[in-house]
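The values are calculated or read from the model by the stated rules, or taken from the named source; none is laboratory data. Given the structure is predicted, the values throughout are model-derived calculations rather than measurements. Cβ placement follows ideal geometry from the backbone for every residue including glycine, while neighbour counts extend to all protein chains displayed.
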Amino acid sequence: MMSSTTLAPASRTFYHPQAVCTRTSQAATGSNDSLSVTVPSARSWCRPAREGARAGRAARGEGASRMKMRTIGVVAIVAAAALALGAAAAMAGKSSVNTRLNGWKEVPAISTDGHGSFRAEIQGDEIHYRLRYSGLEGGDVLFAHIHLGRPATNGGVAAFLCGGGSKPACPQSGTVTGVIVASDVVGPVEQGIDPGEFDELKRAIKAKSTYVNVHTETFPTGEIRGNLLKV
């Protein structure tokens, strides 16, 4: 005689081309002192395969979305890098110099109340400048130049700022603005710069080997001066 019965369920999932099916089996086992019997029973059911297809499409959509976000991130990084390189290149082609002018920087030094300032931006093949001065004691202002020369030395004229060449006459005091191009470079030939050698003038400016000089009637070699330094 069977003394106990145990129901042990088990399930297995299998796939059909048009459905996803699950089979559940249940075995009844009984035992007594001398006999053990197992009676299997089984049933199965299926759900439409389109549910699995929808799940697959959802998974693929999520993966595509992640890929799109990664692509957008890479494009943004590349664009930012390109902008940074463009900015760096633009800055590499532009530089600024300035100076304060007074009589003590002349060689030999000049005692005068005259003073001024100069600022220029080197942009490719052009030098855009602004010269200001006032308080000069030497009478009429004759001209103002950029000269080739280190501090405490005198050098030849490289380009006119006012009073000569293609530049307007110099005011007695005030502000002079203009642009220097290759045709404005006049030398100095005896110091290695030929007329029109714009790049040579730029090299001299960047090497701190140029100065601005304002000349007057009383002080024709220069009343106020300042050596150009990079900003």
query = Going through region 122-145 one residue at a time, which ones are part of a loop (DSSP other than H, G, I, E, B) and in contact (Cβ under 8 Å) with a residue 40 or more places away in the chain?
reply = Asp125, Leu136, Glu137, Gly138, Gly139, Asp140
ask   = What are the residues in region 112-121 that are touching a Gly at 6+ places or on another chain (Cβ under 9 Å), assigned to a strand (DSSP E or B) and surrounded by fewer than 21 Cβ atoms within 10 Å (Cβ to Cβ), if any?
value = His115, Ser117
request  = Return yes when Thr218 is touching a residue at least 60 places away in the same chain (Cβ under 8 Å) and over 38 Å from the mean Cα position of the chain (by Cα) and no when it is not.
outcome  = yes
Output for region 214-231, where each listed residue is crowded, with 18+ Cβ neighbours inside 10 Å, in a strand (DSSP E or B) and aliphatic (A, V, I, L, M) = Val214, Ile224
query = Can you name the number of the only condition in (1) among the hydrophobic types (A, V, I, L, M, F, W, C); (2) over 14 Å from Leu142 (Cα atoms); (3) crowded, with 23+ Cβ neighbours inside 10 Å that Phe198 fails?
reply = (3)
ask   = Just wondering, is there one or more residues in region 157-177 that are touching a Leu at 6+ places or on another chain (Cβ under 8 Å), charged (D, E, K, R) and either on the phi > 0 side of the Ramachandran plot or at pLDDT below 95 (or both)?
value = no
request  = Run down Leu131, Leu148 and say which single residue is closer than 21 Å to Gln191 by Cα, within 40 Å of the chain's Cα centre (by Cα) and buried (at least 19 other Cβ atoms within 10 Å of the Cβ).
outcome  = Leu148
task = Sort out which residues of region 165-213 are assigned to a strand (DSSP E or B), over 28 Å from the mean Cα position of the chain (by Cα) and free of Cβ contacts under 8 Å to residues at least 60 places away in the same chain, and write them in order of number.
result = Gly174, Thr175, Val176, Thr177, Gly178, Val185
